[in-house]
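Please read the structure below before turning to the comments.
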Amino acid sequence: MTDTANNTEPARWQGPLVPGRVALVTGGAGAVGAQSCFALADHGADIIVVDIDEARTAATVAAIEARGRRALGIVADLTADGAVRKAVAEALKTFGRVDILVNALGHHFGLAAPFEESTEDGWDRLYRVNLLQVMQACHAVLPGMKERGWGRIVNFSSVEGIRSMPYAAPYTAYKGALDSFTKSLGVEVARWNIRVNCIAVDKTRAHQVNFYDLGEEYDRHVPVWIPAGRYGEGDDVAAVVLFLSSEMCSWVVGQTIPADGGTLAAGGWYRTPVKWTNSPLLVQYFEDPEVNAARPRGVQ
């Protein structure tokens, strides 16, 4: 019997957390994807980096190898017909298996417009990058995971798949579908010791998001906008990837976990220097220097 009162049980979660595993990370050379690769490598995994950017892929592979792990870089556009199957086949040829699949690839392509102005070509482009290639990758790796009786699949969604995003209805539709796919697939394969979960990301620095370098005038509003008071970094999300890729998530099935600094939980509430408010007009009012100077002492 374990003597929990005296804490004599060996620490269960001392690293490495994924020793000897093989992980395939799509979008693996991006800001979040690369940090996910590094976190997994630091905890004992060999990595297949799949990305469309050749230079960043090579740099990510080199950084993984510098950590003492094996790495394979595959430069591919996973939205192209047959590209996912080809990438997985190359990974299996090199490493023999894929234990962990991290579907970090996704994009909005800046396709923001009223729905009636969107196009079927745009819908298809968003569908291929945000849903189809994820399903194809899962389809390709699941037989081997079932055969070995272990696997981890981590999909990347967005908080916009849970709430809303005006002028981005097709994008949010596919992200919401990915959440639902994760839930159903997670339940379906759980008895093979395969865990399928999802991360809903928001306000995290990434190559395809352009509002992180707008200057000090914009940055001063970040504590109002994001409850955690700062933008997310790649390693913030990579920590969640590591958790969902390890034995630590053995009791987590089909869930979508927000990694967003609190934006989803805030639900439209904003922290100003004076008080919390859910009114855009009052955000401006409470940020006014005269209002701040007149506020009672101790009001936060």
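What follows draws every value from the coordinates through simple rules; no lab data is involved. Remember, predicted model here, so these are calculated numbers, not experimental data. Note: ideal-geometry Cβ built from the backbone for every residue, glycine included; neighbour counts use all protein chains shown.
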Nonlocal amide H pairs with residue 118, under 5 Å, H built at 1.01 Å: none
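By how many nm would the segment from residue 77 to residue 184 grow when fully extended, if each residue of separation counts as 0.36 nm and the alpha-carbon distance is taken off? List each step's numbers first, then the result.
Working: separation 107, 0.36 × 107 = 38.52 nm, distance 2.69 nm.
Value of the extension gain: 35.8 nm.
In nm, what is the difference between 0.36 nm times the number of residues separating residue 132 and residue 220 and their Cα-Cα distance?
Details: separation 88, 0.36 × 88 = 31.68 nm, distance 3.83 nm.
Taking 0.36 nm per residue and subtracting the Cα distance, the gain is 27.8 nm.
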The chain: most fluctuating residue of 157, 180, 36 per GNM, C-alpha cutoff 10 Å: 180
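Per the helix-only calculation at 222 nm, which mean residue ellipticity applies to the chain, given -39500 (n - 2.57) for every DSSP H run of n ≥ 4 and division by its residues, nearest 500 deg cm²/dmol? Spell out each step's value before the answer.
Numbers: 12 runs with 119 residues, N = 300.
After summing the helix terms and dividing by the residues of the chain, the value is -11500 deg cm²/dmol.
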Using θ = phi - 60° and Karplus 6.51 cos²θ - 1.76 cosθ + 1.60, couplings along region 171-178 (whole Hz; Gly, Pro as x): 4, 5, 4, 6, 5, x, 5, 5
Net dipole in debye of the chain [+1 Lys, Arg Cβ; -1 Asp, Glu Cβ; about Cα centre; nearest 20]: 940
Separation of the residue 233 and residue 165 label points, Cα + 7 Å toward Cβ, nm: 2.4
Modelled FRET efficiency - R0 45 Å, residue 117 with residue 93, Cβ distances, 0.05 increments: 0.50
Estimated FRET transfer efficiency when R0 is 22 angstrom, pair residue 205-residue 59 (beta carbons, to 0.05): 0.85
Most mobile of 236, 42, 121 in a GNM of the chain (Cα contacts under 10 Å): 121
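At a Förster distance of 30 Å, what's the computed FRET efficiency of residue 109 paired with residue 148, Cβ-Cβ distance as r, to 0.05? Before the final figure, lay out the partial values.
On the way: r = 36 Å, r/R0 = 1.21.
It comes to 0.25.
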Relative contact order, percent, the chain [alpha-carbon distance under 8 Å, six or more residues apart]: 17
Pair residue 283, residue 85: separation of 7 Å Cα→Cβ label points (nm): 4.7
In degrees, nearest ten, helix 31-42 long axis to first principal axis of the chain (Cα): 50
Leading residue at positive end of dipole, the chain (Cβ point charges), from 240, 252, 50: 252
Total formal charge among the other residues, if their Cβ is under 12 angstrom from that of residue 194, Lys/Arg +1 and Asp/Glu -1: +2
Net length gained if the chain between residue 248 and residue 275 were fully extended (0.36 nm per residue, minus Cα distance): 5.9 nm
The chain: angle of helix 234-244 to the longest principal axis, Cα-based, in degrees nearest 10: 50
GNM flexibility winner over the chain from 182, 204, 277 (Cα, springs under 10 Å): 277
Cβ-based charge dipole, region 22-260, positive-most Cα from 185, 159, 226: 185
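Quick one, can you get me the convex hull of the C-alpha atoms of the chain expressed as volume per residue in Å³?
Values: hull volume 52.2 nm³, N = 300.
It comes to 174 Å³ per residue, whole-number rounded.
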Phi-based couplings in Hz for region 143-150 (Karplus 6.51, -1.76, 1.60; Gly and Pro marked x): x, x, 5, 4, 4, 8, x, 6
